[in-house]
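The block underneath contains the structure these notes are about, expressed in structure tokens.
Read the figures in this text as sums done on the coordinates, not as results from a lab. What you see is a predicted model; the values in this text were computed from it and never measured. A quick note on method: Cβ atoms are made from the backbone with ideal geometry, for glycine too, and the neighbour counts reach across all protein chains shown.
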Amino acid sequence: MVVDVYKNCPNYENEFYMLRMVNKEDKADLLKVYSDEKSLLFFNSDNCGGDDFHYITENRMEQAIEYWLWEYNRHGFVRWTIVSKETNEAIGTIELFHREAEDYFTDCGLLRLDIRSDYEIESEIVKILKLIIEPAYILFHCDKIATKAITSATERISALKKLGFKHTTEKLIGHDGTEYESYFILEK
């Protein structure tokens, strides 16, 4: 059965977290994520037109959510909200899309993980990513998933390695020719 993530965005959950399509009601919780200066370092803003994802007002957070929904409607990417079942609050987002490019990262599912700094812990990252890795191959028609983790993101790197991701020295080439590094790949 062919699943079109842009017609019906599935939810995923385990005993700890739920992933569901982002919505405007997430604004207050997500503002805590995107205003968290400790988290900003770990967000992947490569190729995002200069947006650093540092949002400090509800209005700016609302604009970002509106943009994410617009991108979903035009089949640009999917942005899931990560909800903690323990606290029943949004603690971050996952963005995923199928990337077509003239570089090593073509035909891959590109994953961005933005979480509050108090969840930037290996065990929590593993629990979150386990929800989306397997479905991503089918939803985004790819045989590899790529995600960024800078050297100082030690908890994230440990989690990625635990899940089987391998560091690659390949550069992601942006729309304007900028080269981006610090990527990890997981092949199906």
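Which of the three applies to the range 26-110, rounded, prolate or oblate, going by the alpha-carbon gyration tensor with a ≥ b ≥ c and a/c under 1.5 meaning rounded? Since a/c reaches 1.5 and a/b is larger than b/c, the shape of the range 26-110 is classed as prolate.
With contacts taken as Cα pairs under 8 Å and at least 6 residues apart, the chain reaches a relative contact order of 20 percent. Using the alpha carbons alone, the radius of gyration of the range 12-187 stands to its Kirkwood radius in an Rg to Rh ratio of 0.93. Applying 0.36 nm per residue to the separation of residue 16 and residue 166 and subtracting their alpha-carbon distance, the gain on full extension is 51.4 nm.
The alpha-carbon positions of the range 75-178 define a convex hull whose volume is 116 Å³ per residue. Cα-Cα over 21 Å: which of 38/148; 38/85; 148/188? Listed pairs above 21 Å: 38/85.
Where in the range 64-82 does the amide nitrogen come within less than 16 Å of the point 7 Å from the Cα of residue 141, taken along Cα to Cβ? 74-78, by backbone N distance to the label point.
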